[in-house]
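Written below as C-alpha cells is the structure these notes are about.
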Amino acid sequence: MTTRHPPTTRRRARRLLHVWTLAISALVLVSCGDDSGPVEIVAPDRSEVGLRVRVHLLSSEFAPLSTELTEDEVATVFSRVNAIWQQALIRWEIESILREDALNSDAFAAILRGDRPVSDDVIASVLPRENLLTGDWDVFLILSLGGIAGGIYFPGIPAALSAELDPEGRRELTRATARILAHELGHSLSLPHVPCTAAGNLMSPGCPAADRTRLTDSQVEAARQQALTGHPYSGGGALE
Ligand SMILES: [Zn+2]
C-alpha cells in the first residue's frame, strides 16, 4: 500500500518546490555573477585604522626628564612602532610634536635617586596637561625612567609616558625604544600583560626574547575593537 497525499498537499508541495527553484536560481545568478560587476562579499572589517597621536617632548633641568630626540628621530621611532602594529592594521598618525617643560621634577628626581618610593601618581605629576589632544592619543617622551621601567601607561589621563633609553640605559631607537612605546600603546588599546612566550609577545614585559613584537589573534581583535572606538583605553590603574 502506498501513501498518497491529498491533492491540496501535492499542490502546496509543488508550489514550495517552485519557490525554492526560483530562490536557488536567484542565488546561482548572484553567486556566479553576470556583467553587473563583482559579487559583494560580507567580511569582517579589515581595513587599516588610523589613530591620531600628539607627541610631547619634555624638557627639564633634571636630565632624565629631558628627551634628546629630534623630530626626525620621533618619526623614525613611530615608523618602527607602525611596522609592529601593522599586524593589527593599526597605524599611528602624528598630529603634532610639542616641546614642553616637565613639572614636579624634584619629586621625580627623588624617586630615581631612591630617596622616595616609586609612585605612579608622582611620575604622572611630571606630565603637563594643558595641551592634551583630548579624545585622541597623547604620548610623552623623556630620556629615562631609570631602572623603574621603559614606559608607563596612565589610563586616568589617558596618556603614555615612554623613555628613549630602555631600563638598561641603551638607546636603540628602532629596537628597544620603539618596542617599549609600541608596548605602552598596546595598553592604550586595552591590552594587559601576558606571560612570556617563545615567540616573543609585545605585551610580555621582562622576558628573555629580544624580539618581543608579536600579537596573538585575540590581542589583535581586542586592540582593533578599542581602536575602532577612536579613543584610548581609560579604565583601571597605571601599567608599566
Ligand atoms: Zn606593560
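Nothing in this text is a laboratory measurement; each read-out follows from the coordinates by a stated rule. Quick caveat: nothing in here was measured; it's all calculated off a predicted structure. For neighbour counting, all protein chains shown are included, and Cβ atoms are generated from backbone atoms with ideal geometry for every residue, glycine included.
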FRET efficiency for residue 52 and residue 228, Cβ-Cβ distance as r, R0 = 22 Å, nearest 0.05? 0.95
Two-decimal log10 I(q)/I(0) for region 50-229, as the Debye equation yields it once each C-alpha is a single scatterer, q = 0.11, 0.20 Å⁻¹: -0.43, -1.48
If one puts a single equal scatterer on every Cα of region 65-163 and applies the Debye formula without solvent, what log₁₀ I(q)/I(0) results at q = 0.13, 0.16 Å⁻¹? -0.49, -0.74
Here Rg/Rh (Cα, Kirkwood) for region 167-220 equals 0.95
Determine, at each q value in 0.16, 0.17, 0.27 (inverse angstroms), the log₁₀ of I(q)/I(0) that the Debye formula gives when each Cα of region 141-193 is one equal point scatterer. -0.40, -0.45, -1.01
³J(HN,Hα), Karplus 6.51/-1.76/1.60, whole Hz, each residue of region 124-138, x for Gly, Pro: 4, 6, 7, 8, x, 10, 5, 10, 5, 8, 3, x, 10, 9, 10
Mind listing the long-range amide H neighbours of residue 213? Cut-off is under 5 Å, sequence gap 5 or more, other chains count too, H placed in the peptide plane at 1.01 Å from N. 202
Kindly write out, for region 90-102 in residue order, the coupling ³J(HN,Hα) from the Karplus curve 6.51 cos²θ - 1.76 cosθ + 1.60 (θ = phi - 60°), rounded to whole Hz, with x marking Gly and Pro. 10, 10, 8, 10, 6, 7, 6, 10, 10, 10, 9, 7, 5
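Which of the trypsin sites (Lys or Arg not before Pro) found in region 138-240 are loop residues per DSSP with 11 or fewer other Cβ atoms within 10 Å of their Cβ?
170
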Built amide H within the under 5 Å cut-off of residue 56, gap 5+: 98, 139, 140, 141
